[in-house]
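The values are calculated or read from the model by the stated rules, or taken from the named source; none is laboratory data. What you see is a predicted model; the values in this text were computed from it and never measured. Cβ atoms come from the backbone with ideal geometry, glycine included; neighbour counts cover every protein chain shown.
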Amino acid sequence: MKADSPSFAILHLFATGSYGLRQGLLQIGVLSLQKGQSVLKEWFINPEAEFGRSVQKQSKISKEQAKSAPTWQEQKAEVQEYLSSFTHVFFFQERHEHIWFKNYILAGMPSPPVCADLAVLSSFFLPHLNLMEVGDLVALSTAAQKKPASQPMPVALTALHTQLFKLLEVLLQKIPSTPEDEPGEPTLFLQLLQQVLNLGTVYMGTAWRALQAAAENIETLEPLDLHWLTPSPATDVPVLPYHLRKLLSSWLPTVTDATVVKPRVDIAQPSDQLIHDALHAWYKKHGLPERYAQMEYSKFCNKALTDKGTFVAEAGTGTGKTMGYLMAAAELLRLNPGRKVVIATATKNLQEQVMQGEIPRLRFKGGLHAHLRPAIVKGKNNYLCLSALLDLYDELVVQEKGTIREGLSWLSLVLRVYQTQGEVEEIPHNIRAILPDTYRLLSEANAQEVCVPKLCQEPAKCTYARHMEQAYAADIIVTNHHKLLQLPPKLTDLIKHCIIDEADQFPDFARSALSMNFSLGVVEARLLRPLLGKNYRKGFLDRVAERVVHHAETETAQLVLDEIDSIHRDCDTIRTSGELIQALPIQGEQRWQEEVALVENGRWIKREFSADIEQALQELLTAIQFVAGKIERILRLLKMPEDKTFSRLETYKEKAAEFADSLQKITSDFPARKWIHVLEKSGQNWSVSKMPYYLQDEMEKLQNIYPSLLFTSATLYVGGNTQYFRNQLGRSEPFEQEVRYLSPFNYEQQEKVHAVVPAFIPCYEHKMAQDQKQAWLQTSMETLLKCIVALNGRTLVLFTSRRDMDDAYRWLYSRLPAYDIELLKQEGTSLWEIRRFRQEEHSVLLGLDRMWSGVDFPGVTLSQVIVFRLPNPSLGNPLVAHRREVEGGYFWSKFYYPASQHKLRQGFGRLVRREKDKGSFVILDSRVHHTARMQHLKDELPVDITPFHAGEDLENWLLKTLLPKLELASEWERRGISF
């Protein structure tokens, strides 16, 4: 029986796996939050299903304990009756808790409590924390860490209790909702949440309504630290837009005043002894042994940063590359006040790693470099525009034209300004699922799109500009390859020293940065749907028509309505042209002029569709130009009044003009040797792009901008030289100086890595018969399973195609549970899977692309890397196809074979990341042993590859040689299994 007043509890559970017939509940814990009556109740349950060591490790419940506990049916009535006494229950969804809770525990309850997911609320109110699982909450909760680790349920519930109050703190902290800040008025976020929830019925936004109820009844909850508590509001007041703008601006970064130092013309070059002393002090501070390779590498970086020219340094795994070049940069800046150094990494994730991980360790208190001022620079599309956010507030909330989901999506973006100073890099998957409008509103408030003088009230004081101010005042600017080529002259004019890390990936990112793109899906989302509307939602043109009829003179109104009708027809033309391209028999991505094999009149023929593509794009371009011109005429007819309904037309005119300009540039010079024109189709969407083939002109510009330029990476050399890297950059002459610091790990002498190839697997051929392909796949999968089982997981499997990865996942999915090994597969950024693989030793991760080079798994969690197929470039890839056409016979030696060698070496580098790491490197592709043209791949590995010609030989090696060397033989015996 529920109480008359709201009552709250927190629930956590352990299950043997995902919700299903072969799984079961293991434990349920409920923490009552009633003040003075906080009670923890636990139920141990016999899951009536087998479960593995990872579940035991997480729950601390043995199989014997589980079997002796009552079943769910025996305890169901008691659990449900207890839950019925609460009006609201909070839980944290990790992977499958939500389904167990809703479909199993609450099933059949006549009056279930309102359920609120703290994971969704955390992603909404605290997006900067990137919380994926309860373990993340435990790491942030001092109270939870004081609980015994042997009791995971109390630990988890305590962490959830702490997290709930962190969310309440955001709602109730003292941010006034009006400038007057009168007693009894609600706090800003509580008032905004109430306004947004008013857009829908009480049955919508249940998680947010539950948190609102907890905020309004916080005095009844078991308290934590309530020093921040604001009394419940006694009044309901509107949030004024100008007041909200002032608050939003106050949350943006500010630059502290500092004396501007004009750098001296000549450079005071740090001596090798100064570099040595600085690194020695850093080693001593962090309790690390001296690293000779890092010392020498840092001294070379010092030379590269203080001399003029382009330098290249390869620093093998274990050298300490990042701190090596950071120390050289820091010493340069210490001796040369006023100078700046820019560091470019391959990805934004690595940017954060340098900025949040490495630089703080360099700037320790009392150290030589504590004074350094770093700043991070990302693309403008990573930031929000305040003016656009306020326009959305006016339309969706004030004028009440939005839905509750749109209102919550808008509020999540406001919270981004508060929590991350207006930076939005990625929307959490749980927010994307529940609030799908977030992406659309993000595009409408994206600084790249709307933070320009014609559309933003104060672009010079908006989010992106304020972040850039930090870069202008910084000593070290950390950016990414893509953004490096797009930095404004105002900033590059201040910088003379540049370090490009992960330089082996720079040519590809440079092409991406210099490419021009046009996507029909983007046009649909940012232009057509807003103008025309969709389903129940009116389009903006219809709103303009309504306002014109009521506020404009008859003649003007009729002219405007005629233009609106014409725009509707042009938009239909855009969609029709898009459908023509979508209907072309082209899959994936390819060059416009590439021939496609298809059946015509019962015969296989090859045909290219470049003329069809050009014609459809030209019609589409004309229609978009018409839309931009007709919106311009409407604005002239209306004399551009201040009314926001009409002024937003300016936004859509700019978007249409921008789309037309991009498409015209893409189509203007096809075909061309120096450009690669690409059509990519994915599902119901397609895009076209134009990327440069030659990079030498851009590299010359880069050298002119940064007189001291250093390329560095762990893998720059192929075949003992940098020729492949120079080929990619279009550079014919050697660099000013090239050095190579090999990994300090002696792989063969220290027996760190054992490389093998199962030569008994049939050789893969692209055009093999179906029965041959099936035999190859079956043998490969069986061998893959044996290698994984032998090491009890601890395996990263690298693929070159998603199809192969998906096939392997389906094949292993039903087989690995018998060995109690967890199977993970790369999905998107795969942050959860990467973290899970690091945590769960007995797991296997299937990956492609970034997994070859962009992740680290030090320690025993990774003891085996398996290459499913050799990483030969796909001849269908547009860049590869264009190179083959342009370079002729030189293509294979200049690009194809070196690319394969380079990527295989990158995959090998995933295995050993620390001094004590060791393991096996298995190549399942037997062509590396049997095929003459693949022999060159062996040369790039620092160990010899041992072939096995029979499955029994491989099994014997695994059990009698590898496992003893990895100290896993006794574990194999205990497991009591066999192949």
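Among the residues examined, residue 65 does not qualify as farther than 23 Å from residue 209 by Cα, exposed (fewer than 15 other Cβ atoms within 10 Å of the Cβ) and more than 38 Å from the chain's Cα centre (by Cα). A single member of 963, 924, 941 is in contact with a Leu (Cβ under 9 Å, 6 or more places away or on another chain), within 23 Å of residue 743 (Cα to Cα) and either among the polar types (S, T, N, Q) or crowded, with 17+ Cβ neighbours inside 10 Å (or both), and it is 941. The residues listed here are 441, 455; of these, the one that is surrounded by 18 or more Cβ atoms within 10 Å (Cβ to Cβ), in a helix (DSSP H, G or I) and not small (Gly, Ala, Ser) is 441.
So, in the range 901-921, of the ones that are crowded, with 22+ Cβ neighbours inside 10 Å and without any contact (Cβ under 8 Å) to a residue 60 or more places away in the chain, which residue ends up nearest to residue 935 (Cα to Cα)? Within the range 901-921, the match that is nearest to residue 935 (Cα to Cα) is 904. Scanning the range 213-235 for residues that are farther than 12 Å from residue 165 by Cβ and modelled with pLDDT of 75 or more, we see that the one that is surrounded by the fewest Cβ atoms within 10 Å (Cβ to Cβ) is 219.
Within the range 954-979, if we keep just the residues that are of a type outside the set (Gly, Ala, Ser) and in a loop (DSSP other than H, G, I, E, B), the residue that is farthest from residue 787 (Cα to Cα) turns out to be 967. Candidates 794, 803, 838: the one that is closer than 28 Å to residue 501 by Cα and not hydroxyl-bearing (Ser, Thr, Tyr) is 838. Restricting 86, 44 to residues that are surrounded by 13 or more Cβ atoms within 10 Å (Cβ to Cβ), touching a residue at least 40 places away in the same chain (Cβ under 8 Å) and aromatic (Phe, Trp, Tyr) narrows the list to 86.
Inspect the range 135-150 for any residue being more than 23 Å from residue 42 (Cα to Cα) and part of a helix (DSSP H, G or I) and give the result as yes or no. Yes, the range 135-150 contains at least one residue that is more than 23 Å from residue 42 (Cα to Cα) and part of a helix (DSSP H, G or I).
So that you can scan it fast, the table gives a plain yes or no per residue for (1) within 24 Å of residue 808 (Cα to Cα); (2) under 35 Å from the mean Cα position of the chain (by Cα):
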position: 904; (1), (2): yes, yes
position: 951; (1), (2): yes, no
position: 976; (1), (2): no, no
position: 979; (1), (2): yes, no
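When 125, 101 are screened for being buried (at least 20 other Cβ atoms within 10 Å of the Cβ), touching a helix residue (DSSP H, G or I) at 6+ places or on another chain (Cβ under 7 Å) and touching a residue at least 12 places away in the same chain (Cβ under 8 Å), only 125 passes. All of (1) surrounded by fewer than 20 Cβ atoms within 10 Å (Cβ to Cβ); (2) touching a Phe, Trp or Tyr at 6+ places or on another chain (Cβ under 8 Å); (3) among the hydrophobic types (A, V, I, L, M, F, W, C) hold for residue 845 with one exception: (1).
Against the list (1) surrounded by fewer than 20 Cβ atoms within 10 Å (Cβ to Cβ); (2) over 15 Å from residue 516 (Cα atoms), the condition residue 661 fails is (2). One residue is enough: does the range 30-44 have a residue meeting the conditions charged (D, E, K, R), assigned to a strand (DSSP E or B) and out of contact with any Phe, Trp or Tyr (no Cβ under 7 Å at 6 or more places or on another chain)? Yes, there is a match, as at least one residue in the range 30-44 is charged (D, E, K, R), assigned to a strand (DSSP E or B) and out of contact with any Phe, Trp or Tyr (no Cβ under 7 Å at 6 or more places or on another chain).
Looking only at the range 319-372, residues that are among the small types (Gly, Ala, Ser), crowded, with 24+ Cβ neighbours inside 10 Å and in a helix (DSSP H, G or I) come to 4 in all.
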